[in-house]
1. Say whether the condition of being open to solvent by less than 10 Å² (accessible area, probe 1.4 Å) and of a type in the set (Val, Ile, Thr) is met by at least one residue in the stretch 259-281.
2. Which pairs have Cβ atoms under 7 Å, sit 6 or more apart or on different chains, and link a residue in the stretch 604-623 that is in contact (Cβ under 8 Å) with a residue 40 or more places away in the chain to one that is surrounded by fewer than 18 Cβ atoms within 10 Å (Cβ to Cβ) and among the small types (Gly, Ala, Ser)?
3. Search the stretch 471-496 for residues that are within 20 Å of ASP413 (Cα to Cα) and pair each with any residue that is among the basic types (Lys, Arg) and in a strand (DSSP E or B) when their beta-carbon atoms are under 9 Å apart and the residues are at least 6 apart or on different chains.
4. Open to solvent by less than 10 Å² (accessible area, probe 1.4 Å), in a strand (DSSP E or B), under 22 Å from GLU472 (Cα atoms) and of a type outside the set (Lys, Arg), is that true of PHE574?
5. So which of VAL216, VAL233, VAL192, VAL196 is in contact with a Lys or Arg (Cβ under 7 Å, 6 or more places away or on another chain) and of a type outside the set (S, T, N, Q)?
6. Looking at LYS154, LYS180, LYS162, which is the one that is over 24 Å from VAL63 (Cβ atoms) and either without any contact (Cβ under 8 Å) to a residue 40 or more places away in the chain or over 26 Å from the mean Cα position of the chain (by Cα) (or both)?
7. Out of GLN384, GLN380, which single residue is open to solvent by 10 Å² or more (accessible area, probe 1.4 Å) and without any contact (Cβ under 8 Å) to a residue 24 or more places away in the chain?
8. Looking only at the stretch 259-293, which residues are more than 17 Å from SER229 (Cβ to Cβ) and among the charged types (D, E, K, R)?
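The values are calculated or read from the model by the stated rules, or taken from the named source; none is laboratory data. Every value quoted in this text rests on a predicted model; they were computed, and no experiment measured them. All Cβ positions, glycine included, derive from the backbone under ideal geometry; neighbour counts span all protein chains shown. What goes into the accessible areas is simple: the full protein's heavy atoms, side chains included, and nothing from ligands, DNA or RNA. Shrake-Rupley method; radii C 1.70, N 1.55, O 1.52, S 1.80 Å.
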Amino acid sequence: MRNYLIFVLLLISSVLFSQNKVKPAVQDKLSPATAVDMNKHIGEKLNASYNNRILAQDAHRLVQPFTKHDEHSCWQGEFWGKWFTSAVLAYNYHPTPQLIDKLRNTVYELMAAQTPEGYIGNYAPESRLKAWDIWGRKYVMLGLISYYDVSQDKKALNAAAKEADFLIKELNDKNALIVKMGNHRGMAASSVLEPVCQLYTRTGNKKYLDFAEEIVRQWETPDGPQLISKASVPVGKRFPKPEARNWYEWDQGQKAYEMMSCYEGLLELYRITGNETFKEAAQQTWQSILDTEINIAGSGAAMEAWFSGKEVQHVPIAHFQETCVTVTWIKFNQQLLRLTGDSKYADVIEWAYYNALLGSMRPDGSDWAKYTPLSGQRLQGSEQCGMGLNCCNASGPRGLFTIPLTTVMTSNDGVNVNFYIDGTYQAITPGKNSITVKQHTDYPASGKIDISLEMKKAENMTLALRIPSWNEKATVLVNEQPIENIESGDFLKINRNWKNGDKISIEFEMKGKLHYIGKNPENVAITRGPVVLTRDERLSGPELEAVIAPIKNNNGDIELTSKKSNNPDIWMLFSAKFLPEAYTEYGAEPVEVELCDYASAGNTMTTYPFFKVWMPQLVDPRK
């Protein structure tokens, strides 16, 4: 217990007092909360993943590949780092002796596998730097650095530095360009930029900054992925589409997960250097992804690559919406939210989190779907590389556990409420006072949120409340007094002398909105707040194949009736009136159809029910 208390104190100090040796040129606009306890639905999902995925993982099995050096093509090297960084995020949320012991034991087991020259990997000497070797080393470094951050154990940081040193030496000795190594125009290998930048800030050793800048220089060579010069080009059209037989090899320049991982590294380099070109490239690419790829469930990509998929999301698509893509999209947005404080990134995180991410997690948190279509079934992913899991099982919790410490954050001006989740959030104000923000809500099941503040000392500061972009009507009260000039898609910034016991009440109007896409046939989907509603064969109404048209009210919306679900696997349940096609001259009477939230649709522990988001409408030759 004594050791555990020491680790908790180190965790708190690492949050409050940066241990970095390099002062960044650009500071984040938002800083994380210091302690969080979440309740209700999201709290239950976090606890399920914590117990049934994080703690349940056989960490010893994930280390075993590093004790052998016989691989030539597979990606066993990523699994330890993905699981480990998930586990550190989980520990930051809920520090327990059991988890910190598991983290410490597996780190020391991994470090014992490091070769004298510094290599921690599983590739045979003749195949090093090729295929997924550098990608695996990246995840080793990310894991070791995250352990250093949570424990301040310099052995872990030194091991990560030795891994990086050996990589730099190998590339130099072989006169090898990192963008010619591995797959996807070097994006997989050069995404090592992220931990290399982290090493520079934590050690102050300039060779890591030099290596980071060399990686970015190589990006812009003819052989590179040109992630800066092509930032204004839609992500699905940056390079010629490769032949099917080369889809997962070097020719593929649209690989979604690896591309966003590179931009995460570029944002780390922007913090160090202040080079605005880096930030602009990341933001341009973000806008391109949002405009051309992100579907109604908040994620995208097919066959793991960008393909201008937003405009065709209503048709059946092969291997649609990989969970690793969803997680990395959320992480990319978390980077931009912290850096800029812009509410649009929180909007995108919320949309992806409640739909694509939670939809890929099985109800008990033990497993994650590899692909999550908008129509079809949620099926288990296949095992990869003989590791007993696949990339998405390891990666899913990395997205899930980003949310606790970023729901309430602090800025130079005060406190930001980015997301509305029932729980208790502790932070440090600009005046160095402790503040506890308590949220009482079942949002997004309803639009009502009650917030109360606990402060030892009053302070003049700004409380910023995110007003989601989907919102059309909201009311905000502070101590029962209404606040005016509420605008959607931005933070409502309330500056006043905040004191202990102050209360804020928020209510968003939660309407059923209709979204249309396609022609001949046109397709319709329904959202309510940030949640996509979905038909499911378990629910009442016509068969999924039946053509049904939503009945609109005078405002062009659909009226929804909230219902209590008797199925523990279904979070939200609603009913609405639709007009079925009767294939007779005079039509049929309206029918009641049940809809559930997308994350619950087809998502059970034992069966794989069919579900449907986009509903095709009849072709009308008169239009």
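1. The answer is no; no qualifying residue exists.
2. Qualifying pairs under 7 Å: PHE610/GLY376; GLN617/ALA549.
3. Going by the 9 Å Cβ cut-off, the qualifying pairs are VAL478/ARG496; VAL478/LYS503; ASP490/ARG466; PHE491/ARG466; LEU492/ARG466.
4. On the way: open to solvent by less than 10 Å² (accessible area, probe 1.4 Å): yes; in a strand (DSSP E or B): yes; under 22 Å from GLU472 (Cα atoms): yes; of a type outside the set (Lys, Arg): yes.
For PHE574, the condition - open to solvent by less than 10 Å² (accessible area, probe 1.4 Å), in a strand (DSSP E or B), under 22 Å from GLU472 (Cα atoms) and of a type outside the set (Lys, Arg) - is met.
5. Details: VAL216 fails: in contact with a Lys or Arg (Cβ under 7 Å, 6 or more places away or on another chain); VAL233 fails: in contact with a Lys or Arg (Cβ under 7 Å, 6 or more places away or on another chain); VAL196 fails: in contact with a Lys or Arg (Cβ under 7 Å, 6 or more places away or on another chain).
Step by step, each of VAL216, VAL233, VAL192, VAL196 is checked, and only VAL192 is in contact with a Lys or Arg (Cβ under 7 Å, 6 or more places away or on another chain) and of a type outside the set (S, T, N, Q).
6. Numbers: LYS154 fails: over 24 Å from VAL63 (Cβ atoms); LYS162 fails: over 24 Å from VAL63 (Cβ atoms).
Among LYS154, LYS180, LYS162, only LYS180 is over 24 Å from VAL63 (Cβ atoms) and either without any contact (Cβ under 8 Å) to a residue 40 or more places away in the chain or over 26 Å from the mean Cα position of the chain (by Cα) (or both).
7. Working: GLN384 fails: without any contact (Cβ under 8 Å) to a residue 24 or more places away in the chain.
Exactly one residue qualifies, and that residue is GLN380.
8. Within the stretch 259-293, GLU264, GLU268, ARG271, ASP291, GLU293 meet the criteria.
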